[in-house]
Amino acid sequence: MLRCKHCLLPVYEREAIYDDEGNVFCCEGCKGVYRLIKHEGLSRFYRDRKWDAQEGQRGRGLFNRVDAAHFEDLVRTDEKGLKLVDLFIENIRCAACVWLNEKVLHRTRGIISARVNYATHRAQIKWDPKELSLQDILDRIISIGYRPKPYSESEHLSQQRSEIKDLLIRFGTASFLSSQLMVYTIALYAGYFQGIEQDTKLVLELIALFLTAPVVFYSGMPFIRNTLAGLRHMHFTMDALITAGALSAFIFSIYQIFIGGKVYFDTASMIITLILLGRYIEATAKGRASETLQKLGELIPKEARRVVSGVEERVEMVPVSALKIGDLIRILPGERIPIDGRVIEGETETDESLISGESMPIFRGKGDLLIGGSINLNGSILIEATKTLKETMLSGIIDAVREAQMRTPKIQRIADKVVGFFVPLILLIALATVSVYLIKGYPLHESIMVGISVLVIACPCSLGLATPLAVLIATTMTTSRGLLIKGGDVIEKVKLIDRVIFDKTGTLTLGNPTVKEVVLLDRSITEEEALHLAASLEKHSEHSIAKAIVNASRTLSMYEATDIRIMPGRGIRGTVKGREIALGNSALMKDNKLLIGEQGLSAEVYEQRGNTVVYIGWEGAVRAFFVVADVLRQEVRAMVEMLNKLRREVYVLSGDNALTTSVIASQAGISHVIAEATPQLKQEIIRKFHSEGRSTLMVGDGINDAPALTEATVGAAMAKGTDIAMESADVVIVREDLLTIPFLIRISEKTYGIIKQNIFLSFLYNITAVPLAMAGMLHPIVAAAAMAASSLCVVSNSLRIRRT
Amino acid sequence: MWTITFLIILTIVIGLGAYFLFIWSVKSGQYDDIEGPKHRMMDDED
């Protein structure tokens, strides 16, 4: 099959559109974008981009306008009167996208500078307001197929960013000083073997002291501070071990300078440098994922049309936050419903899939309640607000997410577990050593120093690398498979999971209805003809079923349709090719006196299996019907089998009705089914599992899953889902491939094992040297060797994860 | 002895220079986007 030159979607040969050079396109839109890009001399984009074909953009947001009003708060003016704005550009996937955006913006008259951050997809644009407006810039970005959103940094993110910077400076300082220190230490080592003049030795030791002091007291300050805080609760963390190790090495060395012994400054500074390296790796890996996920929810419109006087309807635009209970609001077809309310006038169908998980549009007439954030598909309606913005269902869900996020218990990480047991033990050994020396009659200061030397050698530098390195390698591997992991502890948590719970709509299924079958009742027409007629009508509707029919008919040249009337809850009517065609449910057929006939009874069977049936008819008879349903992703069965093999229980947890849910579940081979669950109920079910001592992995995509995603031990969100779901999840499935879930479980089991080995290895070398210290025979070379050997082992052992 | 002293002072001066360069580069945001430059390098400026 041919592929569209621009969007890479497959195209049938007979439908392909060609340009002068013989390039293939799926539609005029793609051809237009290609021409624009080529005209600007930017064809390199097609050479450099790294897209998977199936990831093609399905026209999402391609021609939707983005209103500049959402961005006004972000625009700044500099001293020369030029304007600056920060945008988040959605759909950027590789370096070619960044390049294209920058070039296109650069070539726009009036734009002075444009820079897109590769990692964060944030564009900083500076322009001359006399030449063009912000709206022009937004349109420009949209015209090449990307979608600008307001960029705002959450407090959490900016805090994380400044922490990373602080860590980098501390680590840079430590490694700079350590490398300087190494020069003098090598000289001292040489002195141990070949002999060294006392004066030279003293000078070198003093320089070493001055180089180490800032490492311990500046770079190591966070550790010291945390230790002091932990000490109050007799709580021994990794920081306590590091502080004990570094401080004791430092103090011990100063003592050694006075008595003319050997110094351990290198041990003190290397401990801190390596641990800081581990912390830095961890922080950047975490930062990268959460930056990618820093998107803004655009679910609730900012403004609503409030009706001021009822008689000859006058409307004014007001901020949604200013709406009061009882206000009348006019909502046009295709708009999002700004607030929870009741229909006063008109009827329509709404798409509530993101909020309730219901996959098909729902008919709403006078008196029905509407949920804010859902989409009004096809009728103009007047509603009365029944809630204020703060009390809406949507904000209720957001609150539930926030609350769950604050409560999520942190699991105790393996390293901390080991350390919690190791620190008291080593302190005990040190104390015992001191008392033995005292009993044997050594002077107090000497005995204490031997005790301290035990602490010096016992602190493993590579402990700080043991976890972060393994996690870093695991996350790079998952990232290349299309899984973004937000924190290092996720890898450690996934291993514990014994129940995997899936949402249905959009997770197990594709989330949008698809035509599964065309059943002809009139033998004189063909399937293609029936679809073609139906699509020509449905092209005029926003309904998700309409889109399914349009997609199913792979024709691009539609017939002209006239006299179109959309009937919410029923279907659509219009004239195509001189025939008055009705397309919709059985009620619409009855209204138009179209007979379904006996053959049509088979439609009921389809309906009982959870499908939706759409009839098409004209001139007194129903001619065909289409079977529409949300279909399972193709890899689901394989995934369920793999999860069973990994001994994980699989559940479906859906907000949709019991019938559809159980049909999908049985297709997927999942036996545990829970249907008709509200967002809060989903969260409670997860909580119940936890109280039964289970650990859960929840996979979902909608807002309705968000509370459950946060509540679950690990939450995974589909990247095409809603922003709030992605924000509340620990893992984002970027490439929409569910087989990554078993992969994640396998890799974290492996990583968990490696981390355990790493921790063991990092202690091993140091512990073997403890008896030497207890005998008072510790040598700086031994300490350095233990450090190097354990770090090497940890690094090479971690690399084994790559062979999963 | 004088040689050693001279060299020590020299390394410290050079080292401090490099260190301040590092601090400046972190503060001025050189490390904010560490993915982009490797791709940008390949662009031919026109």
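The values are calculated or read from the model by the stated rules, or taken from the named source; none is laboratory data. Just so it is clear, the structure is predicted and the values come from calculations on it, not from any experiment. Cβ atoms come from the backbone with ideal geometry, glycine included; neighbour counts cover every protein chain shown.
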Exercise. Evaluate segment A:265-280: report whether one residue or more is surrounded by fewer than 24 Cβ atoms within 10 Å (Cβ to Cβ) and farther than 25 Å from A:G487 by Cβ.
Key: no
Quiz item: Is there a residue being touching a residue at least 60 places away in the same chain (Cβ under 8 Å), within 14 Å of another protein chain (Cβ to nearest Cβ) and closer than 30 Å to A:A784 by Cα anywhere in segment A:143-158?
Solution: no
Quiz item: Can you tell me which residues in segment A:678-706 are part of a loop (DSSP other than H, G, I, E, B) and either without any contact (Cβ under 8 Å) to a residue 24 or more places away in the chain or within 20 Å of A:R609 (Cα to Cα) (or both)?
Solution: A:E692, A:G693
Exercise. Could you identify the single residue in B:I12, B:I23, B:I8 that is at the interface with chain A (Cβ under 8 Å from one of its Cβ atoms) and either more than 27 Å from A:Y280 (Cβ to Cβ) or modelled with pLDDT under 75 (or both)?
Key: B:I8
Self-check item: All positions within segment A:17-45 that are surrounded by 13 or more Cβ atoms within 10 Å (Cβ to Cβ) and of a type in the set (S, T, Y)
Solution: A:Y34
Quiz item: Do you know which of the residues in segment A:315-356 that are assigned to a helix (DSSP H, G or I) and among the small types (G, A, S) is nearest to A:S395 (Cα to Cα)?
Solution: A:S321
Self-check item: strands (runs of 3 or more DSSP E) within segment A:613-675 that include 3 or more residues touching a residue at least 24 places away in the same chain (Cβ under 8 Å)
Solution: A:621-632, A:649-653
Quiz item: Of all residues in segment A:166-196, which are within 8 Å of chain B (Cβ to nearest Cβ) and within 14 Å of A:L276 (Cβ to Cβ)?
Solution: A:L168, A:I169, A:G172, A:T173, A:F176
Self-check item: Matching residues, segment A:1-51, being under 19 Å from A:G145 (Cα atoms), acidic (D, E) and in a helix (DSSP H, G or I)
Solution: A:E28, A:D48
Quiz item: What number of residues within segment A:461-512 satisfy the criterion of being β-branched (V, I, T), within 19 Å of A:L643 (Cβ to Cβ) and part of a helix (DSSP H, G or I)?
Solution: 5
Quiz item: Restricting the first residue to segment A:432-455 and requiring it to be hydrophobic (A, V, I, L, M, F, W, C), which pairs with a second residue that is not in a helix (DSSP H, G or I) meet a Cβ separation below 8 Å and a spacing of at least six or different chains?
Solution: A:V450/A:Y442; A:V450/A:G776
Practice problem: Tally the residues that are in contact (Cβ under 8 Å) with a residue 40 or more places away in the chain and surrounded by 15 or more Cβ atoms within 10 Å (Cβ to Cβ), restricting the search to segment A:780-794. | Solution: 10
Self-check item: Residues located in segment A:361-379, provided they are part of a loop (DSSP other than H, G, I, E, B) and either crowded, with 16+ Cβ neighbours inside 10 Å or charged (D, E, K, R) (or both)
Solution: A:P361, A:K366, A:D368, A:I371, A:G372, A:G373, A:S374, A:L377, A:N378, A:G379
Exercise. Could you please let me know if A:G753 is in contact (Cβ under 8 Å) with a residue 60 or more places away in the chain and surrounded by fewer than 17 Cβ atoms within 10 Å (Cβ to Cβ)?
Key: no
Exercise. Output the number of the condition that A:R109 fails; it satisfies all remaining conditions of (1) more than 14 Å from chain B (Cβ to nearest Cβ); (2) crowded, with 19+ Cβ neighbours inside 10 Å; (3) in a loop (DSSP other than H, G, I, E, B).
Key: (2)
Exercise. Look through segment A:104-125, keep the residues that are among the polar types (S, T, N, Q) and more than 24 Å from the chain's Cα centre (by Cα), and return whichever of them is nearest to A:T77 (Cα to Cα).
Key: A:S113
Self-check item: Verdict on A:S541 being crowded, with 17+ Cβ neighbours inside 10 Å, in contact with a Ser or Thr (Cβ under 9 Å, 6 or more places away or on another chain) and either not in a helix (DSSP H, G or I) or not assigned by TED's automatic domain parsing to the domain that holds A:Q683 (or both)
Solution: no
Quiz item: So which of A:A432, A:A415 is at pLDDT 85 or above and either part of a helix (DSSP H, G or I) or basic (K, R) (or both)?
Solution: A:A432
Exercise. With respect to A:D139, determine if the residue is more than 10 Å from every other protein chain (Cβ to nearest Cβ) and either buried (at least 18 other Cβ atoms within 10 Å of the Cβ) or modelled with pLDDT of 85 or more (or both).
Key: no
Quiz prompt | Answer residue from segment B:30-46, given it is under 21 Å from the mean Cα position of the chain (by Cα), within 9 Å of another protein chain (Cβ to nearest Cβ) and outside any helix (DSSP H, G or I) and is surrounded by the most Cβ atoms within 10 Å (Cβ to Cβ) among those | solution = B:D33
